[in-house]
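Notes for the one structure printed next.
The values are calculated or read from the model by the stated rules, or taken from the named source; none is laboratory data. The model shown is predicted, which means the values in this text are computed figures rather than measured ones. So basically every Cβ, Gly included, is an ideal-geometry build from the backbone, and we count neighbours across all protein chains shown. In case anyone asks, the SASA skips ligands and DNA or RNA and just uses the protein heavy atoms, side chains included. Shrake-Rupley method; radii C 1.70, N 1.55, O 1.52, S 1.80 Å.
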Amino acid sequence: MPRPDEKSFAIPKLMVWEAWRQVKANKGAPGVDGQDLDQFEADLRDNLYKIWNRMSSGTWFPPPVRAVEIPKPHGGGVRMLGVPTIADRVAQTVVAMHLGERAEHRFHPDSYGYRPNKSAHDALAACRQRCWKYDWVIDLDVQKFFDEVPWDLIVRAVRVVSDASWVLLYVKRWLAAPLQHPDGFLEQRSRGTPQGSAVSPVLANLFMHVCPERKVRRCRRSFCDPGCASDGGRSSGFVVQAGGPNRRDVMSVKSRGGKRSRKRLAISGSGVRREDEHG
């Protein structure tokens, strides 16, 4: 018979404290409750205890995520971001830390998006170095990844690295948390993970590792190139640099009037679109 002070899940209090330190360092705007970092910190001990107590008891239920629209660069419409509350951000970071410890070493060394001590600048540096060896590039972008990624596949990807029941429980709850729009309307979702939440980056990397990265490996092998995949950075895109004297006709980078040209393949649910880009 378990003692009354025992919890359903063994989540260290120190882990919640470290999660708070990361949330505070990342700063960020308030969620739907309007509570900012200073207000949360004013009663820090009690707030962190509530998070730990409820997560350990299986009773942490995420509030709606505040929907924020930001314009895409170059006039490409708007991107919908999801801003969790400060408390929920701490809880998400606890799970993100748990998954990161078990997944980080599995990721491809040329994956740069949402990785510790890696950035898009590192990806650009790798591409710049390799462009002296290879004469063409494939640029792939998974359109509306954070809006459309299937929940069941994310959960399956999480199970690859963790069998902790509390992690799966809370991942499922966060995936299903509604978006609250500025007019108060609650949007119930059936797929996707909010771009802007603390746990979404590691979930996205897990999905990309378990699913598309295997296809990238097959692509690399088909071009006989020993190490050419580069994750494009802070998005759902990735770049495959490759080459070979007998495969240059597949995706050639040529000079037209002194400008570089490339082929862009955009993957969506309706298929693959190719478009020429110059610059």
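At a 10 angstrom cut-off on C-beta neighbours, averaged per residue, how do the peptides 94-101, 128-135, 165-172, 192-199 rank from highest to lowest?
Going by the mean number of other Cβ atoms within 10 Å, highest first, we get 192-199, 94-101, 165-172, 128-135.
Over region 152-213, with every protein chain in place, what whole percent of the accessible area is carbon and sulfur at 1.4 Å, could you tell me?
Whole-percent figure for carbon plus sulfur exposure: 54.
Dipole size in debye (nearest 20) for region 43-121 around its Cα centre, Lys and Arg Cβ +1, Asp and Glu Cβ -1?
Once rounded to the nearest 20, the dipole reads 80 debye.
Can you flag which of Lys27/Lys50; Lys13/Lys172; Lys27/Lys72; Lys118/Lys172; Lys72/Lys133 are past 30 Å Cα-Cα?
Among Lys27/Lys50; Lys13/Lys172; Lys27/Lys72; Lys118/Lys172; Lys72/Lys133, the Cα-Cα distance tops 30 Å for Lys72/Lys133.
Express the C-alpha Rg of region 138-191 as a ratio against the empirical globular expectation 2.2 N^0.38 Å, rounded to two decimals.
Relative to the rule-of-thumb radius for its length, region 138-191 sits at 1.40.
Ignoring ligands, DNA and RNA, what percent of the accessible area of region 7-132 is carbon or sulfur (1.4 Å)?
Here carbon and sulfur together make up 54 percent of the probe-accessible area.
Enter the accessible area per residue of region 1-130 (Å², integer; probe 1.4 Å; all protein chains in place).
Here the per-residue accessible area is 58 Å².
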